Amino acid sequence: MKQDPTRNAAYTVDCDDYVHVVEFNPFDSGDSGNLIAYGGNNYVVIGTCTFQEEEADIEGIQYKTLRTFHHGIRVDGIAWSPETRLDSLPTVIKFCTSAIDMKIRLFTSDLQDKNEYKVLEGHSDFINGLAFDPKEGREIASVSDDHTCRIWNLEGAQTAHFVLHSPGMSVCWHPEENFKLMVAEKNGTIRFYDLLAQQAILSLESEQIPLMSAHWCLKNTFKVGAVAGNDWIIWDITRSSYPQETRPVHMDRAYLFRWSTISENLFATTGYPGKMTSQLQIHHLGHTQPVLTGSVAVGSGLSWHRTLPLCAIGGDHKLLFWVTEI
């Protein structure tokens, strides 16, 4: 068997549980450390991590757990609220989760005595994506196998409801214009909704199915990326509703797509979990081949650091981090 030219993770952190999902906080929380959340079979863990790429006196990674939240059921998705602040008094930690019981849980904590959570119920099938509105954090969008996209307020009431043509796989808010929402469906259609008019304003088509994951590029909102079948797919929405660039990357079907938060040309994809080794690939639009391929025994989740070209994946009782160049 020939040696695979893959790289092991640059850094790892040991965890008490299998990690199903991991999310760096994409918002500035007012602290030098970077907040990270990961979910296992029973718990959500909130921690901070600082890397040697940021601070010269750190060797590798410095990780600290701030709080473990009992969840009682497997965590499938995590979304951070922009209201999370480490530099306020009291501290505010706010995030929501999706779980296998089709419920969303909204957690609020001051890391001291106040630890509350609220359950948002309404979906009738598996929830595949959820996101806070990035400007104020007053609403949560979710998409599900029940062929709906739903918008919730923080009291748990639904403020909007869109019927989809197939399972909803991913949902993203526009970073500046709070009333614009991107919803990706398994049938290969990505629609943009105007929440004020409560209707679709634009759609994109992938020529492959099933579409498993899509992401709006925050550095350039004319760019949308996705994985469908074995391929990654990039659109320029100013040019065409059909893909600008497509490339086959994962033999065992592609699973997740995430743009880097610091470059509009850098993105990562993962292969389907549950095979002998999952693959992480980091791609640069200027290169024909992946700029980095990472191999992990079992991997799930995918998240980019807010200010570094570094991404995280969850594994078997581990968090794994890969670093690349811009």
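Among the numbered criteria (1) closer than 22 Å to D28 by Cα; (2) surrounded by 19 or more Cβ atoms within 10 Å (Cβ to Cβ); (3) small (G, A, S), which single criterion is violated by S144?
With respect to (1) closer than 22 Å to D28 by Cα; (2) surrounded by 19 or more Cβ atoms within 10 Å (Cβ to Cβ); (3) small (G, A, S), S144 is out only on (1).
How many residues does the range 97-127 contain that are farther than 18 Å from S81 by Cα and among the polar types (S, T, N, Q)?
Going through the range 97-127 one residue at a time, the tally reaches 2.
Being surrounded by 15 or more Cβ atoms within 10 Å (Cβ to Cβ) and part of a strand (DSSP E or B) is the filter here; which residues of the range 119-135 pass it?
L120, I127, N128, G129, L130, A131, F132
Which of (1) surrounded by fewer than 20 Cβ atoms within 10 Å (Cβ to Cβ); (2) modelled with pLDDT of 95 or more is the odd one out, the single condition F179 does not satisfy?
Only one criterion is unmet by F179, namely (2).
Among D133, D101, D146, which is the only one that is among the charged types (D, E, K, R), out of contact with any strand residue (DSSP E or B) (no Cβ under 9 Å at 6 or more places or on another chain) and within 22 Å of V21 (Cβ to Cβ)?
Values: D133 fails: out of contact with any strand residue (DSSP E or B) (no Cβ under 9 Å at 6 or more places or on another chain); D146 fails: out of contact with any strand residue (DSSP E or B) (no Cβ under 9 Å at 6 or more places or on another chain).
Every option except D101 fails the conditions.
Looking at the range 225-253 only, could you name the residues that are under 16 Å from C311 (Cβ atoms) and in contact with a Pro (Cβ under 9 Å, 6 or more places away or on another chain)?
Hits for the range 225-253 are W232, V249.
Pairs only if they're at least six apart or on different chains, beta carbon under 8 angstrom, first in the range 229-248 and over 11 Å from I190 (Cβ atoms) and of a type in the set (G, A, S), second open to solvent by less than 60 Å² (accessible area, probe 1.4 Å) and not in a strand (DSSP E or B); list them, first residue then second.
These pairs meet every condition: G229/Q208; G229/P210.
What number of residues within the range 230-269 are open to solvent by less than 10 Å² (accessible area, probe 1.4 Å), part of a loop (DSSP other than H, G, I, E, B) and either among the aliphatic types (A, V, I, L, M) or over 13 Å from H284 (Cβ atoms) (or both)?
Initially, the range 230-269 is screened for residues open to solvent by less than 10 Å² (accessible area, probe 1.4 Å), giving 232-235, 250, 254, 257, 259-260, 266-269.
Going one step further and asking which of them are part of a loop (DSSP other than H, G, I, E, B), we end up with 250, 260.
Retained after the next criterion (residues that are either among the aliphatic types (A, V, I, L, M) or over 13 Å from H284 (Cβ atoms) (or both)): 250.
Adding up the residues that qualify gives 1.
The values are calculated or read from the model by the stated rules, or taken from the named source; none is laboratory data. Keep in mind it's a predicted model, so treat the numbers as computed, not measured. Glycine also receives a Cβ, built like all others from the backbone with ideal geometry; neighbour counts cover every protein chain displayed. Each accessible area value is taken on the protein alone, full model and side chains, heavy atoms only, with ligands, DNA and RNA left out. Shrake-Rupley method; radii C 1.70, N 1.55, O 1.52, S 1.80 Å.
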